[in-house]
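Reviewing the structure listed below.
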Amino acid sequence: MIPQSFIQDLLHRVDIVDVIERYVKLKRAGANFVANCPFHTEKSPSFTVSQTKQFYHCFGCGEHGTAISFLMEFSGLGFIEAVKDLAQSVGLSVPEQSPEAISRTSQAQGSLQDWQQVMLTTAQFYRTALKDAPQAIEYLKSRGLSGEVAKKFGIGFAPEGWQNLEKVFDNYNAEVLNTLGLVKENEEGRRYDIFRDRVMFPIVDVKGSVIGFGGRVMGAGEPKYLNSPETPLFEKGRELYGLFQARRAIRDAKRVVVVEGYMDVVALSQFGLDYVVATLGTATTPLHIQKLLRLTDEIVFCFDGDNAGRRAAWRALENSLAQLNDGKELRFLFLPQGEDPDSFVRKNGKPAFEKCLDEAITLSQFLISELSSRVNLTTHEGRAKLLQEAKALVKQITAPLFGLMLRKQLAEVTGLTQRELESDFQIKSLPQAAPARRPPPVQRSILQTVIELLVLDPSLQRFIDRSILQSTEAMPSIDPQEKEALEQLLKVLEQSDKPVHVGEFFRQTPMADFFLSVEMGVLRWQEQGLSPEQCESEFSGAWHQFVERVRRARLGRLLEKSRQNPWSEEDRAQFLLLQQPLTHPIPK
């Protein structure tokens, strides 16, 4: 876990405008910057970036966050990856608090920079070796690959021989070579290269750093594909081949195609299909799905039409259900028997392949057709078995509208009513109106206005009388969440001598959605171009209203008490005090 203090310090050192402008052209509009949103299609800009508060918000699709959030959503990075990327850009090292990370670091006997340099050096050696390997060059040409595409993906060649990397590294016995999966040791302790006589495909992360390799034999031999083992840099369940090269094309095409092999990715790119990635010798994982859905709304899984291809597709479906959101779409394309994406596109061309993508079946169609093929739908027993198998799958779905439509379809197929099916599955029906994604409040409450202006100008905290907050217990007119949010914000502001990025600070807390709406409110205040004096005046009015509401509520409780029991002297003194209206707009 990365300390919150480091995250806040990091966000103070980077400028969100600089970060976003690496990917999106921004234009100044008053106090903020605007652009067409990179997360959805629009004709006029609704994507706003606040340089003073260091967050962005799209008023069209609701995307919102800090520089960290932007890298996660735009580049498909995980949280830790995004933090590390930003930290590297400003020369900071991310403190590692995870025992597993510490253990892996000590085992690897080197830093992240050391590991990356070793992998880069190895990749450069393989690329150079390809120039002197006519058999490998001929193989790539026979697969229809141009030199440009080979260069784009950094394709190389691992020569024959057991210890070629001994020529590359001064210390062939260095532990780091074993840690990064480049060498092995036999029973006698003698080292040898893992990759030999293979065409080499560097595997890079979303930042373009080499983290592993895939090697393919050029003729007969097993295994056909050999991947790097799991290392401190490479986890095959998290990475996708070609994603670094494909990110821009994925956003432009508004879809990503997932295939099974390196050659499929490279061959499709040769034909101008650049929005393609491949899994790395493993089934599609939930992490793969999460990463891709950050980049696009449509994933098409393209597998061979044989039994192995359908099994791989089914595994992808199972791992996708819990990751789906309404508005996202997963499709499945099964190529004709004996064809793979590489052979199909070379034989039929790009337009034919894209036509197949457009006609790919949806996840719900694949799920129902696959389950139906396993049973006899003309019998009660067969329909009962289908429902039994569907039950565990349907209950994984968290997307409310998609889940509802799928249950309706299953009910029709099996001859049940939707209510009967949902009763058997123990699923509550969807409310009449599904909530929009993280909606801002329609109207600001007085306390939310106070909180928004405090975030806009933290110096206003000097005017707040904490005793007022302590006297709001059991007041039905005060939202307890808003009161708690104000108290937590004041505590954070007291402990920090720098502005606090509240959205990031409260990201993993129950207050996350509330502070999202606060930051949206801050953007609206900024658009008004308030001077410091105007901001203080607005704050004064809101805080005055809040204190007056507290005064009236306390007065009402005393009057209610008088109807049941005689007042004490303290009650009487408090009543006389509370009868006086406020003489100052802000309690001193």
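Taking every alpha carbon pair in the range 164-274, what does the distance histogram look like in 10 angstrom bins from 0, in percent?
Reading upward from the zero bin: 13, 38, 32, 13, 3, 0.
For the range 215-269 and the range 177-195, what is the separation of their Cα centres, given in Å?
24 Å
Using only the Cα atoms, work out Rg/Rh for the range 243-368, with Rh taken as the Kirkwood radius, to two decimals.
Checking Rg against Rh, the ratio lands at 0.92.
Compute the helix-to-body angle for 4-13: its Cα long axis versus the longest principal axis of the chain, expressed 0 to 90° and rounded to tens.
80 degrees
Can you divide the C-alpha Rg of the range 322-399 by 2.2 N^0.38 Å and report the result to two decimal places?
With N residues counted in the range 322-399, Rg over 2.2 N^0.38 Å equals 1.42.
Please state, rounded to one decimal and in Å, the Kirkwood hydrodynamic radius that the chain gives when every pair of distinct Cα atoms enters the mean of 1/r.
Values: mean 1/r = 0.0354 Å⁻¹.
Result for the chain, one decimal place: 28.3 Å.
In whole Hz, what ³J(HN,Hα) sequence does the range 208-222 give by Karplus (6.51, -1.76, 1.60; θ = phi - 60°), x for Gly and Pro?
Result, rounded to whole Hz: x, 7, 6, 10, x, 9, x, x, 10, 5, 9, x, 6, x, 10.
What residues of the range 395-420 lie in the reach of a label at Ala322, counting those whose backbone N is under 15 Å from a point 7 Å from the Cα along Cα→Cβ?
The answer is 395-399, whose backbone nitrogens lie closer than 15 Å to the label point.
Work out from phi, with θ = phi - 60° and the Karplus expression 6.51 cos²θ - 1.76 cosθ + 1.60, the ³J(HN,Hα) of each residue of the range 309-314, listed in order in whole Hz, and give x for Gly and Pro.
For the range 309-314, the Karplus-derived couplings read x, 5, 5, 5, 5, 5 Hz, x marking Gly and Pro.
Residue by residue through the range 20-25, what is 3J(HN,Hα) from phi via Karplus (6.51 cos²θ - 1.76 cosθ + 1.60, θ = phi - 60°)? Round to whole Hz and write x for glycine and proline.
In residue order, the calculated couplings are 5, 5, 5, 10, 10, 7 Hz.
Provide the three semi-axes, in whole Å and in decreasing order, of the ellipsoid equivalent to the range 374-425 as defined by the square roots of 5 times the Cα gyration tensor eigenvalues.
19, 11, 9
Relative to the longest principal Cα axis of the chain, at what angle does helix 99-108 sit, 0 to 90 degrees, rounded to 10?
Helix 99-108 sits at roughly 30 degrees to that axis.
When ranked by the protection proxy of mean other Cβ atoms within 10 Å per residue, highest first, what sequence do the peptides 180-192, 30-42 form?
In descending order of packing, they fall as 30-42, 180-192.
Which trypsin sites (Lys or Arg not before Pro) does the range 357-428 hold that lie in a coil by DSSP with at most 14 other beta carbons within 10 Å?
Counting only loop positions with at most 14 other Cβ atoms within 10 Å, the trypsin sites (Lys or Arg not before Pro) in the range 357-428 are Arg374, Lys395, Lys428.
Can you tell me the equivalent ellipsoid semi-axes for the range 4-97? Use √(5λ) from the Cα gyration tensor, largest first, whole Å. Display every interim value, and only then the final one.
Numbers: eigenvalues 118, 38, 21 Å².
Equivalent ellipsoid of the range 4-97: 24, 14, 10 Å, largest first.
Loop only by DSSP, 16 or fewer other Cβ within 10 Å of the Cβ. Give me the trypsin sites (Lys or Arg not before Pro) in the range 320-361 that pass, ordered by residue number.
Sparse-neighbourhood loop trypsin sites (Lys or Arg not before Pro): none present.
Placing +1 on the Cβ of each Lys and Arg and -1 on the Cβ of each Asp and Glu in the chain, which of Thr231, Tyr262, Ala136 has its Cα farthest towards the positive end of the resulting dipole?
Tyr262
Starting from the range 272-369, pick out the GluC sites (Glu not before Pro) whose DSSP state is loop and whose Cβ has at most 13 other Cβ atoms within 10 Å.
Taking the range 272-369 and a limit of 13 other Cβ atoms within 10 Å, the loop GluC sites (Glu not before Pro) found are Glu359.
Can you pull the semi-axes for the range 110-227, root of five times each eigenvalue of the Cα gyration tensor, sorted largest first, whole Å?
23, 18, 12
So which lysines pass the test for Lys291, namely a Cα distance under 17 Å, with those fewer than 8 places away in the same chain ruled out?
Lys84, Lys207, Lys236, Lys254, Lys328
Taking the 0 to 90 degree range and rounding to the nearest ten, how far is the long axis of helix 243-253 tilted relative to the main principal axis of the chain, both from C-alpha atoms?
It is inclined by approximately 70 degrees.
Treat the count of other C-beta atoms within 10 Å as a stand-in for reagent exposure and order Trp525, Trp543 from fewest to most.
Working: Trp525 20, Trp543 24.
Fewest-to-most ranking of Trp525, Trp543: Trp525, Trp543.
What are the residues whose amide H is under 5 Å from the amide H of Arg331, where those residues sit 5 or more places off or on another chain and H is modelled from the backbone?
Here Ile299, Val300, Phe301 satisfy the definition.
Coordinate-derived values only; no laboratory data. Values in this document were obtained by computation on a predicted structure and should not be read as measured data. Note that each Cβ is placed from the backbone with ideal geometry, even for glycine, and that neighbours are counted across all protein chains shown.
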